[in-house]
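Student: Dropping the structure in here first, questions after.
The values are calculated or read from the model by the stated rules, or taken from the named source; none is laboratory data. Fair warning: this is a prediction, and the values are worked out from it, not measured in the lab. Glycine gets a Cβ as well: all are built from the backbone with ideal geometry, and neighbour counts include every protein chain shown. When the accessible area is computed, the model is the full protein with side chains, heavy atoms only, and any ligands, DNA or RNA have been set aside. Shrake-Rupley method; radii C 1.70, N 1.55, O 1.52, S 1.80 Å.
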Amino acid sequence: MYMKKNIFNLVASALLFSGAMVSCTKQLDVLPLNDITSEQVYKTPSGYKQAFAKLYGSFATTGNQGPNGNGDIQGLDEGTADFLRLYWKAQELSTDEAVVAWGDPGIQDFHNMNWSASNPMLTGLYYRSFYQITLCNDFIRQASAENLAARGITGADADAIKKYTFEARFLRAYQYSILMDLFGAVPFATEKDALGSFMPKQASRVDVFNYVETELKAIENELPAAKANEYGRADRGAAQALLARIYLNAGVYSTAQRYADALVYSKKVIDAGYSLISNYRQLMLADNHTNTNEFILTINYDGLKTQNWGGTTFLTHAPVGGDMIAADYGVDGGWGGIRTTKNLPAMFPDVNGTADKRAQFFSQGQSLDINDLTNFKDGYAVSKFRNRKKDNTVGSSLTWVDIDFPIFRLAEQYLIYAEAAARSGSASDKTNAVTYINNLRQRAYGNATGNISAAALTPEFVLDERARELYWEGHRRTDLIRFNRFTDGSYLWPWKGGVKGGTGVAAFRNVYPLPSADVSSNPNLKQNAGY
Amino acid sequence: MLCVKNTQKFSIHSHQSNSMLVNIKHLISRFVLMALFLFSVSSAAFSQNKTITGKIMDSNDGSPLVGATVTAKGTGKAVVTDASGRYSIELPSSLTQLTISYAGFTTMEVSITGNSVDVRLVSTSATLSDVVVIGYGTTRKKDLTGSVATIGTKDFVKGALTSPEQLIIGKVAGVQITSNSGAPGSGSRIRIRGGASLNASNDPLIVIDGMPLDNGGISGQANALALINPNDIETFTILKDASATAIYGSRASNGVIMITTKKGAKGKPTVNFSSLFSVGKIVEKVDVLTSSEVRNIVNQYGNAAFRSVVSDFHIQNGVEGTDWQDQIYQSALSTDNNISVRGSIKNLPYRLSLGNLNQDGILKTGNLNRTTIGLNLNPTLFKNHLKIDFNLKTSLSKSTFANEGAIGAAVSFDPTKPVYSGNSEYGGFWEWLDPSSSTGLKALSPKNPLGILLQRDDQSDVVRHIANLVVDYKFHFLPELRAVVNAGADIAEGKGHTIVPESAASTYLRFKDPSGKFHGGVNNEYRQERQNTYLNAYLNYTKDIDAIKTKIDATAGYEFQDYLTTNYNFSDKTFDNTIVSSPNFAFDKPQYRLASMLGRVNLNILNKILLTGSVRQDGSSKFNVDNRFGIFPSAAAAWKLNEESFLKNSKTITDLKLRIGYGVTGQQDGIGYYDYISYYNLSTATAQYQFGNTFYQMYRPGGYYFNRKWEQTATSNIALDFGLFNGRVSGTVELYKKETKDLLNEINQPAATNFSNKIVANVGSMENKGVEVTLNLQPIKKRDLVWDLSFNATFNQNTITKLTISDDPNYAGARFGGISGGTGNTIMIHSVGYNRGAFFTYKQVYDKAGKPIDNLFADLNRDGVINERDLYQYKGIDPRMFFGMSTNITSGKWNAGLVARSNIGNYMYNNVASSTGTIRNILNPIGYVNNGSREVLRSGFSGSGANYFLSDYFVQNASFLRVDNVNVGYNVGKVFNNKANLRISGNVQNVLVITKYNGLDPEMNGGIDNNFYPRPRTWVLGLNLDF
């Protein structure tokens, strides 16, 4: 009897052992509940659209939870890790247009012009641009004809998704143009490089330029006509505007000047049906999504639905401080951060905007001269961005602002045309250019008193006019480099190079360093000279 | 017949030493006795008488045992020993065995040889402690080959302790336990030999009654260990080196802590009741300015606007200003009552315990009320062939969390302001106002510290059950073989709410609804469930092979664990239940599983040489199919030198053992559950993107790392255990080296190759080397005075040897350690060639008088500019060495003890001084006045400039000596008509700290001193009744 029981026990335990082993080993395949695989996302056309929305959304948000909490970019404070805030710092804080009071890691390096390869903001910007490129590459792969066919998506749905891929290519070209402008020679990857199986090679600045140009030309006529796409999505106007922009600057990126092409492409945009809105001071308001006459492509923000701590929320809160009343700007409090140097107000006939209404400065209690970069009251504040609507009611939230940010607007195309014409255009080009400049100035002055004559149209005039029209919109560093005024000692501004009166710095700083985060991860990369 | 035969066979093989289980010993002796009984009865008829004399002594020191019973088994005849321990007994000459018993000592059977029989009895406590719990089994302490430390009830730290790990603080070499804060129920950071990881977890694996726990906390109780009643714990066993831990494979790199709870015992029920009453008080406050000093600074540096802000100078009861820290702290009262019953119902031994802890925090409003129930049943059936061990631990914990934001607020709130405004707005609390703002409050101004404390109701309820059943079956037909199945579950649910009234300034009118109406306050809830299940089954085979004088002990088993958490997501709501934001999903269920096979062989050759080999294969659901399984081997050897002829008879060296071991362990805790595939995550309603007039929730592919695998740590260990003068002096010296490769290390990804720019990958290596010394002394051992002294010392050196794929001279390392001040500033770095967690700072320049010069730093790379390239690695957060000391004196009915610790070479970033001790902080540019650290008077720092926060000036030596505990006890003796025994005790916790560090406390996890919840000094009165 004992024996039987023993055998039973032995067999039972043996079964228990082996049974448990077999069943449990298979159970090591565990899947998440709420996050889904690419196969599930791309099963439906609406899934494609939601993944496509992320390609644009990565301009606007810092991550997948508003305002923060699930960031896209690691390694710096999430609130500072959106595209526009980082790009703005790299393009504006490094110039005469802006200074900042804060001590965030690396933030003062921009104005002091002593950034290094480990600057966290430059690292964040670089990875943010590549993040969008990586998303675009993946989306283009997912939206290939084979994948669509395999997933049973056909007809109008498949056509719509195919159109998304042209916009993905546009966004990728845009980010490569940013990278080429900021960092020069950068790692290069397209949808042909499958993730996880390759180490990107470094493309020279010229190669990147040629790629961006080729891509934009390839998709130019595939994109919907200007103003024909949904608000917030790129159309033909955007592609042409970007081409005009890189052609104007081609001499910086490659040896050949392309002013003729800049004229052609800015003209295409100018003639595509856009017009200036009537009031310059209404460009950057909470309901500026209605400025579709002038805006070619915007980054869209919403106080309730597209929240983050960067973008126009940053551009509205950060310049409010000192004696400024936050409520005037439609926000619940100022961050007391960014101001401008005296060089910018000096370009206007008066600082109060009496004559040229583009001058939007707050000077009460502020000192024009800057003794201490970290004191908000040193330097005039800028009141260009206000979270109030045209009817002066406030935006949907006092914390996160509704203002959309125009990546391209018609005024810039006028100025591109004008500069290209002034540099190498024909007489009729110059005549057109004067008209365009005067369009801007009539809006600014409210009348023709600010108009210029053909004789006044010089490249240097256009540079100043760009500052007056486009200040704080992310153009200044590129412009100064094109005029060799960025690092050179011939043009100074307060605290340029970390010296109160300003000083020139070494020319290698015309490009930013590749982040050491990438150089230490990718053996193919060679650091920019000087760093 | 079969049964008897088997039992005989079993007894033959066992009497030498199947030492693992005391019960088995009992069984054997009983059987032997029965056999002898039969034999003696049958032979009695022919007997003649003889007289045997002898002496009965304590095996420990040879002292005579008075009143020990010497029985001639079978005859029923018995005598007791006299005052000198001697006895004399007359027996039939045929009788060959005596039984000697004495309370508190193990009963012994001895053979009669000649007419004189002297016996040394072994005390039961020594016998018990001789058995050590190891992974998947037990062993005799003297047969250990690995680095294993045991701490039993007797050696526990005494006092009002809320969390089990506090019982062994300072007691074990190589084990560093630092409580996270002074808050009730807050946990500790435990590091064994420094920890082996960078970004994966450095926490040891905790195994309770054989069941590995998940280290994570649960909503409503961040410290899962605090849900276990320390009073239910019998022993801690700490496995330190890989030869001991490798049997736990993939989670063993940071050591293993095994907790065994108290079990039932056969016999009449005994009841223990203990009660502790304690009072905690704040020891030291942050040294801040007085209100007149603040006013002086404002007058000196501020403009008229600032001067007007402090013009309504506050004087109350003749005392200037408000001491905000006095406002938020209180004396904290606690009670801890425990009752336990231990006994057996027929053959069912049990222990049932009930405990209640009610502890207030020294920060007002905080409280922990924990009720625990423990049940242990450990019956043995089928003549000890089947042993069952059932353990149930249930705890119900109700916490009220004080808003710890008040700590920092009290340091920096303007002391010239009163607590209350005199009107009813904002709950009556004084706040910074701005009539032009929509809330009436000054934007970004700090809020009243007492207000944020009293205007928040944050309560949680946590229920946790840990239950496991161990069935240990010894095969009837092959008693050398046992099958053990251990099945258990750890189930917990935590839930709670946070309510802030609409009047509270901190959340005043915080949300504007789509109709434009404002709502304030908070009315939120949270809930989480954990369900961890465990199954382990193993076979153990033990046999003495007499022919080669070798004992073999082999174990092979299988284990499966499932960790399932359910996180419930709730809307963020204002006090009036207006929804501010809603989650995408009502809940999420993260889960991971482990499946493992394990084996171990122990050989004991000639009782001199001990060999151990173990191997474990772990499979984890966290890795892709190809990398899922990892193998973790170990080998160790020990040589008992004291068993060799040249030492066997030494009176001086009574114990001497050389141990050497090597093993490989892994780490997979602290990494994502599903990271080997890119998963798409849906953005929240507040992170949508607008096309046209439609907002889209976005699908985002997540970063992933397909080839991630285990982090592997290879540990070598060499040790010498020694005992001198019969154990009056004993100790261990150990040397170890741990090399971790394939570090789970958050590294930068090459741009354009992943959806995340940083990912935890297997890149890098690190090394820990160290020496541990343990010394136990008994300088005095007399009948009425015993003095025990134990001392341990640990020296650990940690070096990072590789961090990146590609070498870039520009890459300084991985920066971390966020500080308050600036946005995104970090103060620490992991760099190759340095210790983990070095500070990464600018070198402060000082004037001739030794005063730091504001914003002047050394240009270390001499390139003419001060930027990140001038940061340098400075010191580190981990101590180079640490010491523990405890002592206990027992004299008659009195006993007294002390526990002290010291850390040497650890540094701390004084974030309180850096963020508050500046002119800029006191005269905040936004237009309000703050208080700050008195540091500002010494340094005069302006607080402007971008690099100020990263000055090495704020990195301060935080070496310390801390007296953790001083205790005194008195054994009153019999009370209640001799029915009970009463002991009373008193102790003081956190008695004294000696340090050069000038912040609040030199001992803080993470090396950054910022708004630390102070550890109170606690006075405890306790009574203990046994009946």
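Student: Among what's in segment B:452-462 and is assigned to a strand (DSSP E or B) and surrounded by 20 or more Cβ atoms within 10 Å (Cβ to Cβ), pick the residue that is farthest from the chain's Cα centre (by Cα).
Tutor: We begin by selecting, within segment B:452-462, every residue assigned to a strand (DSSP E or B); these are B:457-462.
Checking the rest, the ones that are also surrounded by 20 or more Cβ atoms within 10 Å (Cβ to Cβ) come to B:458, B:460, B:462.
Numbers: B:458: 26, B:460: 23, B:462: 20 Å.
Taking the candidates together, the pick is B:458.
Student: Does any residue of segment A:86-99 turn out to be at the interface with chain B (Cβ under 7 Å from one of its Cβ atoms) and either hydroxyl-bearing (Ser, Thr, Tyr) or not in a helix (DSSP H, G or I) (or both)?
Tutor: Here is the first cut: in segment A:86-99, the residues at the interface with chain B (Cβ under 7 Å from one of its Cβ atoms) are none.
No, the conditions are met nowhere in segment A:86-99.
Student: Just to check your reading of the model, which residue among A:529, A:506, A:517, A:467 is more than 14 Å from chain B (Cβ to nearest Cβ) and either under 30 Å from residue B:812 (Cα atoms) or among the aliphatic types (A, V, I, L, M) (or both)? Walk me through it before giving the result.
Tutor: On the way: A:529 fails: more than 14 Å from chain B (Cβ to nearest Cβ); A:506 fails: more than 14 Å from chain B (Cβ to nearest Cβ); A:517 fails: more than 14 Å from chain B (Cβ to nearest Cβ).
Every option except A:467 fails the conditions.
Student: Sticking with this structure for a sec: Just to be sure I understand, how many residues within segment B:970-992 are surrounded by 16 or more Cβ atoms within 10 Å (Cβ to Cβ) and assigned to a loop (DSSP other than H, G, I, E, B)?
Tutor: Number satisfying all stated conditions: 0.
Student: Taking into account only those residues within segment B:606-623 that are in a strand (DSSP E or B) and more than 21 Å from residue B:147 (Cβ to Cβ), which is most open to solvent (accessible area, probe 1.4 Å)?
Tutor: The first filter runs over segment B:606-623 and keeps only residues in a strand (DSSP E or B), leaving B:609-620.
Of the ones still in play, those that are also more than 21 Å from residue B:147 (Cβ to Cβ) are B:617-620.
Values: B:617: 58, B:618: 0, B:619: 0, B:620: 0 Å².
It comes out as B:617.
Student: Going by what's in this entry, would residue B:772 be described as at pLDDT 95 or above, more than 14 Å from chain A (Cβ to nearest Cβ) and open to solvent by less than 10 Å² (accessible area, probe 1.4 Å)?
Tutor: Numbers: at pLDDT 95 or above: yes; more than 14 Å from chain A (Cβ to nearest Cβ): yes; open to solvent by less than 10 Å² (accessible area, probe 1.4 Å): yes.
When the stated conditions are applied, residue B:772 passes them.
Student: How many of the residues making up segment B:166-201 are in contact (Cβ under 8 Å) with a residue 60 or more places away in the chain, assigned to a strand (DSSP E or B), under 26 Å from residue B:398 (Cα atoms) and among the β-branched types (Val, Ile, Thr)?
Tutor: Of the residues in that region, 2 qualify.
Student: Of all residues in segment B:721-736, how many are part of a strand (DSSP E or B) and either touching a Lys or Arg at 6+ places or on another chain (Cβ under 7 Å) or more than 26 Å from residue B:790 (Cα to Cα) (or both)? Steps first, answer last, please.
Tutor: The first filter runs over segment B:721-736 and keeps only residues part of a strand (DSSP E or B), leaving B:721-724, B:729-736.
Still in the running and either touching a Lys or Arg at 6+ places or on another chain (Cβ under 7 Å) or more than 26 Å from residue B:790 (Cα to Cα) (or both): B:721, B:736.
Residues meeting the conditions: 2.
Student: Tell me which residues, restricted to segment A:410-424, are surrounded by fewer than 24 Cβ atoms within 10 Å (Cβ to Cβ) and either hydroxyl-bearing (Ser, Thr, Tyr) or outside any helix (DSSP H, G or I) (or both).
Tutor: Selection gives A:424 alone.
Student: Please enumerate the residues belonging to segment B:1006-1027 that are touching a Phe, Trp or Tyr at 6+ places or on another chain (Cβ under 9 Å) and either open to solvent by less than 20 Å² (accessible area, probe 1.4 Å) or at positive phi (or both).
Tutor: B:1007, B:1009, B:1014, B:1020, B:1022
Student: Taking segment B:435-446 as the search range and keeping residues that are out of contact with any Phe, Trp or Tyr (no Cβ under 6 Å at 6 or more places or on another chain) and open to solvent by 40 Å² or more (accessible area, probe 1.4 Å), which one is farthest from the other protein chains (Cβ to nearest Cβ)?
Tutor: My answer is B:435.
Student: Looking at segment A:59-71, which of its residues are of a type in the set (S, T, N, Q) and more than 8 Å from every other protein chain (Cβ to nearest Cβ)?
Tutor: Step one: filter segment A:59-71 for residues of a type in the set (S, T, N, Q), giving A:61-62, A:64-65, A:68, A:70.
Within segment A:59-71, A:62, A:68 qualify.
Residues are listed down the side, and each one gets a yes or a no for (1) under 30 Å from residue A:240 (Cβ atoms); (2) buried (at least 22 other Cβ atoms within 10 Å of the Cβ):
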position	(1), (2)
A:330	no, yes
A:333	no, yes
A:342	no, no
A:371	no, no
A:378	no, no
A:434	yes, no
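Student: Of the conditions (1) within 7 Å of chain B (Cβ to nearest Cβ); (2) among the hydrophobic types (A, V, I, L, M, F, W, C); (3) in contact (Cβ under 8 Å) with a residue 12 or more places away in the chain, residue A:53 satisfies every one except a single condition; which number is it?
Tutor: (3)
Student: Can you name the condition, by its number, that residue B:739 falls short on among (1) acidic (Asp, Glu); (2) assigned to a strand (DSSP E or B); (3) under 18 Å from residue B:762 (Cα atoms); (4) open to solvent by less than 30 Å² (accessible area, probe 1.4 Å)?
Tutor: Here residue B:739 clears every test but (4).
Student: Name the residues in segment B:690-714 that are outside any loop (DSSP other than H, G, I, E, B) and either open to solvent by less than 50 Å² (accessible area, probe 1.4 Å) or facing chain A (nearest Cβ under 7 Å) (or both), would you?
Tutor: Step one: filter segment B:690-714 for residues outside any loop (DSSP other than H, G, I, E, B), giving B:690-691, B:694-697, B:699-701, B:711-714.
Scanning segment B:690-714 gives B:690, B:691, B:695, B:696, B:697, B:699, B:700, B:701, B:711, B:712, B:713, B:714.
Student: Also, I was wondering about something else. Kindly indicate the residue of segment B:582-605 that is assigned to a strand (DSSP E or B) and aliphatic (A, V, I, L, M) and also farthest from the other protein chains (Cβ to nearest Cβ) among those meeting that condition.
Tutor: Here is the first cut: in segment B:582-605, the residues assigned to a strand (DSSP E or B) are B:587-588, B:591-605.
From what's left, aliphatic (A, V, I, L, M): B:594-595, B:597-598, B:601, B:603, B:605.
On the way: B:594: 8, B:595: 4, B:597: 7, B:598: 12, B:601: 19, B:603: 24, B:605: 30 Å.
So, considering only residues that are assigned to a strand (DSSP E or B) and aliphatic (A, V, I, L, M), the one farthest from the other protein chains (Cβ to nearest Cβ) is B:605.
Student: Out of the residues in segment B:807-833 that are more than 10 Å from chain A (Cβ to nearest Cβ) and open to solvent by less than 40 Å² (accessible area, probe 1.4 Å), which is farthest from residue A:74 (Cα to Cα)?
Tutor: Filtering segment B:807-833 for residues more than 10 Å from chain A (Cβ to nearest Cβ) gives B:817, B:819-820, B:827-833.
Those left that are additionally open to solvent by less than 40 Å² (accessible area, probe 1.4 Å): B:817, B:819, B:827-831.
Numbers: B:817: 14, B:819: 17, B:827: 17, B:828: 16, B:829: 16, B:830: 16, B:831: 19 Å.
Out of the qualifying residues, it is B:831.
Student: Could you list, in sequence order, the residues of segment A:178-202 that are open to solvent by 10 Å² or more (accessible area, probe 1.4 Å), of a type in the set (Gly, Ala, Ser) and away from chain B (no Cβ under 11 Å)?
Tutor: Within segment A:178-202, A:185 is the sole residue that qualifies.
Here's the yes/no breakdown for (1) basic (Lys, Arg); (2) under 22 Å from residue A:85 (Cα atoms); (3) assigned to a helix (DSSP H, G or I):
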site: A:435; (1), (2), (3): no, no, yes
site: A:469; (1), (2), (3): no, yes, yes
site: A:472; (1), (2), (3): no, yes, no
site: A:491; (1), (2), (3): no, no, no
site: A:513; (1), (2), (3): no, yes, no
site: A:521; (1), (2), (3): no, no, no
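Student: OK, next. Please determine, by comparing only the residues of segment A:285-308 that are touching a strand residue (DSSP E or B) at 6+ places or on another chain (Cβ under 7 Å) and within 27 Å of residue A:432 (Cα to Cα), which one is surrounded by the fewest Cβ atoms within 10 Å (Cβ to Cβ).
Tutor: A:294
Student: Pick out the one residue from A:519, A:499, A:462 that is within 25 Å of residue A:381 (Cα to Cα) and crowded, with 22+ Cβ neighbours inside 10 Å.
Tutor: One residue alone meets the criteria, A:462.
Student: Take residue A:40 and tell me if it is modelled with pLDDT of 95 or more, open to solvent by 30 Å² or more (accessible area, probe 1.4 Å) and either assigned to a helix (DSSP H, G or I) or under 20 Å from residue A:159 (Cα atoms) (or both).
Tutor: On the way: modelled with pLDDT of 95 or more: no; open to solvent by 30 Å² or more (accessible area, probe 1.4 Å): yes; either assigned to a helix (DSSP H, G or I) or under 20 Å from residue A:159 (Cα atoms) (or both): yes.
No.
Student: With the structure loaded, tell me whether residue B:724 is more than 26 Å from the chain's Cα centre (by Cα) and either more than 7 Å from chain A (Cβ to nearest Cβ) or at pLDDT 95 or above (or both) or whether it fails that test.
Tutor: Working: more than 26 Å from the chain's Cα centre (by Cα): yes; either more than 7 Å from chain A (Cβ to nearest Cβ) or at pLDDT 95 or above (or both): yes.
In short, yes.
Student: Sticking with this structure for a sec: May I ask you to verify whether residue A:141 is basic (Lys, Arg) and surrounded by fewer than 23 Cβ atoms within 10 Å (Cβ to Cβ)? Full working, then the answer.
Tutor: Working: basic (Lys, Arg): yes; surrounded by fewer than 23 Cβ atoms within 10 Å (Cβ to Cβ): yes.
Taking the combined requirement at face value, the residue satisfies it.
Student: Is there a residue being surrounded by 22 or more Cβ atoms within 10 Å (Cβ to Cβ) and either within 14 Å of chain A (Cβ to nearest Cβ) or not in a strand (DSSP E or B) (or both) anywhere in segment B:636-657?
Tutor: No, that holds for no residue.
Student: Ok, one more. Answer yes if at least one residue in segment A:32-49 is touching a His at 6+ places or on another chain (Cβ under 9 Å), among the polar types (S, T, N, Q) and farther than 19 Å from residue A:232 by Cβ, and no otherwise. Walk me through how you get there before you give the answer.
Tutor: So the first thing to find is which residues in segment A:32-49 are touching a His at 6+ places or on another chain (Cβ under 9 Å), and the list is none.
Within segment A:32-49, not a single residue is touching a His at 6+ places or on another chain (Cβ under 9 Å), among the polar types (S, T, N, Q) and farther than 19 Å from residue A:232 by Cβ.
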